[in-house]
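These notes concern the structure reproduced below.
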Amino acid sequence: MNSYSDKALVNRVASRLPEGERFLKAIESIDRHNERDPKRVSNDGVDMGYEFHFSCLLFVKVLSLREDASEALLIAARSQHICRWESPRSDYPEGRAGYLKWRADLKRFHADKTESILAELGYPPEFIETVRAINLKKDLKSNPDSQTMEDALCLVFLESQFPDFRVKTSEEKMVSIIRKTWAKMSAEGQKAALNLNLRDEEARLVGLALKG
């Protein structure tokens, strides 16, 4: 299932792990789930589920921030949005309260799915709990893995989702979103964000947000 261009990268990570084969099986299982996403995208002419595409972007971004990223962090990155389409926003009431409930339930949904996969592959409970804590982004400011996950999510948003998102969003709201995104990142994440190759309009909006 790893038809995406990061197959060599996944194999390289596996080669440095004591249980590399189990890691590969975990990634393959997560990828099979995400490849079923009915929302499809094309990458270099390859048709794939959107969440599979997103998970690969996040995996690569985590490694760009932490070359020595732990097995737990990398599995959490690959599974951070696993099967997201199965729990749509439309299942919850409109408004902020409904949105917050959806987001909280969604994190647990992803963590539960990942836990089930890892347990089936024989990962020990303490490892599974570590992955779960990262998926839930627990202790964000004190857990380096959780913070790296948050940084990577913000960077993928700015680099890959920002262009489509901003054309559907008012400038005022977009600037507010960027400021909130910036506040979630560590100093290292912010530095990486400033080095992104953004298009002119996206760069202009980031500049507006940071000036404020």
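A few notes on this one:
- Within the stretch 72-81, if we keep just the residues that are small (G, A, S) and in contact with a Ser or Thr (Cβ under 6 Å, 6 or more places away or on another chain), the residue that is surrounded by the most Cβ atoms within 10 Å (Cβ to Cβ) turns out to be S79.
- Just one residue in the set R84, R108, R89 is surrounded by fewer than 16 Cβ atoms within 10 Å (Cβ to Cβ), more than 20 Å from T130 (Cβ to Cβ) and of a type in the set (K, R); that residue is R89.
- Any chance D151 is in contact with a Gly (Cβ under 6 Å, 6 or more places away or on another chain), surrounded by 14 or more Cβ atoms within 10 Å (Cβ to Cβ) and on the phi < 0 side of the Ramachandran plot: yes
- Within the option set L9, L17, L24, being within 22 Å of D151 (Cβ to Cβ) and assigned by TED's automatic domain parsing to the domain that holds Y123 holds for one residue only, L9.
- Top-ranked residue of the stretch 39-54 - restricted to ones that are within 11 Å of W85 (Cβ to Cβ) and touching a helix residue (DSSP H, G or I) at 6+ places or on another chain (Cβ under 6 Å), ranked as surrounded by the most Cβ atoms within 10 Å (Cβ to Cβ): E51
- Helices (runs of 4 or more DSSP H) contained entirely in the stretch 135-204, each with at least 2 residues that are over 16 Å from the mean Cα position of the chain (by Cα): 162-166, 171-184, 187-194
- Selection of the stretch 55-71 for residues being surrounded by fewer than 23 Cβ atoms within 10 Å (Cβ to Cβ) and more than 20 Å from S186 (Cα to Cα) yields only E71.
- Residue check for E51: in the same structural domain as F127 (by TED's automatic domain parsing) and under 22 Å from Y123 (Cα atoms): no
- Helices (runs of 4 or more DSSP H) enclosed by the stretch 1-117 - at least 1 residues per element that are more than 22 Å from S160 (Cα to Cα): 7-15, 20-35, 71-79
- Filter pass, I30 being in contact with a His (Cβ under 6 Å, 6 or more places away or on another chain), surrounded by 13 or more Cβ atoms within 10 Å (Cβ to Cβ) and within 22 Å of C154 (Cα to Cα): no
The values are calculated or read from the model by the stated rules, or taken from the named source; none is laboratory data. Source: prediction; values computed, not measured. FYI the Cβ positions are ideal-geometry reconstructions off the backbone, even for glycines, and counts take in every protein chain you see.
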